[in-house]
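Have a look at this one before I ask anything.
The values are calculated or read from the model by the stated rules, or taken from the named source; none is laboratory data. Quantities reported herein were computed from a predicted structural model and do not represent experimental measurements. Quick reminder, even Gly has a Cβ in these numbers, built from the backbone with ideal geometry, and neighbours come from all protein chains shown.
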Amino acid sequence: MRRGGARRDISERVYLKNEAGESHEGWALNVSRGGVRAICEERITLGADFDVTIGEEAGLTRRGRIVWVQEEPDGVIIGIEFLGASQTFKSAPPAAPEGAEVHSPSAEEKTQEPLAEAKKDG
């Protein structure tokens, strides 16, 4: 049973950009409240955070983290977990396929993320 709600198959451009100016483009394969599954030509660092835009560059943008990476002959398939402002409504990211490299948050990441969100809200 999926925890993240219904996934919807899509075929939209996806744009990833981080604070250091690193950017990637690819195609979103499916999306749910918890995240998006996408395919990109370039290797993307597991655990990296990005601003994720789905659709044309003026489309919906959310903050996300790469939570799994599956190497393919022509690129990588990635799972991106949306990072919500409220942990209460956070749903599951896209499920990792068998054999994918999966990001396991460190204890420090687990404690810092809620604190960072609390600082933004407070």
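Conditions (1) closer than 22 Å to GLU98 by Cβ; (2) at pLDDT 95 or above, marked per residue:
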| residue | (1), (2) |
| --- | --- |
| ARG2 | yes, no |
| ARG8 | no, no |
| GLU12 | no, no |
| VAL31 | yes, no |
| PHE50 | no, yes |
| GLU57 | no, no |
| ARG62 | no, no |
| GLY79 | yes, yes |
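Name the residues in the range 19-44 that are assigned to a loop (DSSP other than H, G, I, E, B) and surrounded by 14 or more Cβ atoms within 10 Å (Cβ to Cβ), would you?
ARG33, GLY34, ILE44
Taking only the range 65-83 into account, find how many residues are surrounded by 14 or more Cβ atoms within 10 Å (Cβ to Cβ), free of Cβ contacts under 8 Å to residues at least 40 places away in the same chain and not polar (S, T, N, Q).
7
Then there is this: Looking at (1) part of a loop (DSSP other than H, G, I, E, B); (2) surrounded by 13 or more Cβ atoms within 10 Å (Cβ to Cβ); (3) at pLDDT 90 or above, which one does ALA92 not meet, given that it meets all the others?
(3)
Right, another one. Only one of GLY84, GLY122, GLY99 is closer than 20 Å to ALA6 by Cβ and at pLDDT below 90; which? Please lay out each step first, then the result.
On the way: GLY122 fails: closer than 20 Å to ALA6 by Cβ; GLY99 fails: closer than 20 Å to ALA6 by Cβ.
Answer to the check: GLY84.
While we're looking at this one, here's another question. In the range 43-62, which residues are under 12 Å from the mean Cα position of the chain (by Cα) and without any contact (Cβ under 8 Å) to a residue 12 or more places away in the chain? Let's see the steps before the verdict.
Of the residues in the range 43-62, the ones under 12 Å from the mean Cα position of the chain (by Cα) are 44-54, 61-62.
The one that is under 12 Å from the mean Cα position of the chain (by Cα) and without any contact (Cβ under 8 Å) to a residue 12 or more places away in the chain: THR61.
Looking only at the range 24-41, count how many residues are of a type outside the set (Val, Ile, Thr), farther than 10 Å from ILE77 by Cα and within 12 Å of the chain's Cα centre (by Cα).
5
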